[in-house]
Amino acid sequence: MELRKPVMRDLPEMLALINGYASQGIMLPRSEFELAESIRDFVVADSGGRLSGCGALHLYTPSAAEVRSLAVSQAEKGRGIGRAIVEYLEREAAHFGIVSLFAFTYVPVFFRQLGYDQVDRGLLPQKAWKDCLRCPKFQNCDEIAVHKPIGDGIALPQSSTSTVLRVLSPESGIRVPR
């Protein structure tokens, strides 16, 4: 298996990996346009000419980024491909000077094994306003937020007690930073 930056001809296999999980409701669907637009964020795992996995490092601020669109072929699960992709993305984040890396996941145990801690999603407001507002699960999000400081990064508190949040209206369920 080789990790490499993708090229445009990889898009159909990347779409199949990501949207296969999206059809099960465990990832957000991506369009070909979205993947083409963000292809530089991705790394792919190439297993003899076939893509066995992909993942992206999406930069939010000069110090924070997200691991996203992490997908491994069902046939290749358990072979360390997801771990290799995340570790690659962590090195890339460190190269860019990122000190705070996070992900939203249904598999927190996977990220915990890589040194991520579960955190309150309210600690990651930049995510909410950029992507969550267009998510079909926005009102009933069941993903778990995880975080890892990179290098000399800043560790986030484990709960939202130190985060000031307010509810726009009781029925909306939308929480925004003050």
### Task
Considering every residue within segment 39-47, establish whether at least one is of a type outside the set (A, V, I, L, M) and assigned to a helix (DSSP H, G or I).
yes
### So VAL109, is it surrounded by fewer than 23 Cβ atoms within 10 Å (Cβ to Cβ), out of contact with any Gly (no Cβ under 6 Å at 6 or more places or on another chain) and modelled with pLDDT under 95
yes
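This table checks each residue for (1) assigned to a helix (DSSP H, G or I); (2) of a type outside the set (A, V, I, L, M, F, W, C).
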residue	(1), (2)
ASN19	yes, yes
GLY25	no, yes
ARG30	no, yes
ALA56	no, no
GLU66	no, yes
ILE85	yes, no
TYR88	yes, yes
ALA94	yes, no
GLY122	yes, yes
### Task
Report, ordered by the first and then the second residue, all pairs with beta carbons closer than 7 Å, sequence separation of six or more or different chains, a first member in segment 55-72 that is over 18 Å from GLY151 (Cα atoms), and a second member that is surrounded by fewer than 23 Cβ atoms within 10 Å (Cβ to Cβ) and among the basic types (Lys, Arg).
SER69/ARG30
### Message
Give me the residue from segment 50-66 that is hydrophobic (A, V, I, L, M, F, W, C) and closer than 14 Å to VAL86 by Cβ and, out of that set, farthest from the chain's Cα centre (by Cα).
### Response
CYS54
### Query
If a residue has to be surrounded by 12 or more Cβ atoms within 10 Å (Cβ to Cβ) and over 15 Å from the mean Cα position of the chain (by Cα) to count, how many in segment 37-48 make the cut?
3
### Message
Among the residues of segment 1-35, what is the count of those that are surrounded by fewer than 16 Cβ atoms within 10 Å (Cβ to Cβ), in contact (Cβ under 8 Å) with a residue 60 or more places away in the chain and either of a type in the set (S, T, N, Q) or more than 20 Å from THR105 (Cα to Cα) (or both)?
### Response
1
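The values are calculated or read from the model by the stated rules, or taken from the named source; none is laboratory data. Fair warning: this is a prediction, and the values are worked out from it, not measured in the lab. Note: ideal-geometry Cβ built from the backbone for every residue, glycine included; neighbour counts use all protein chains shown.
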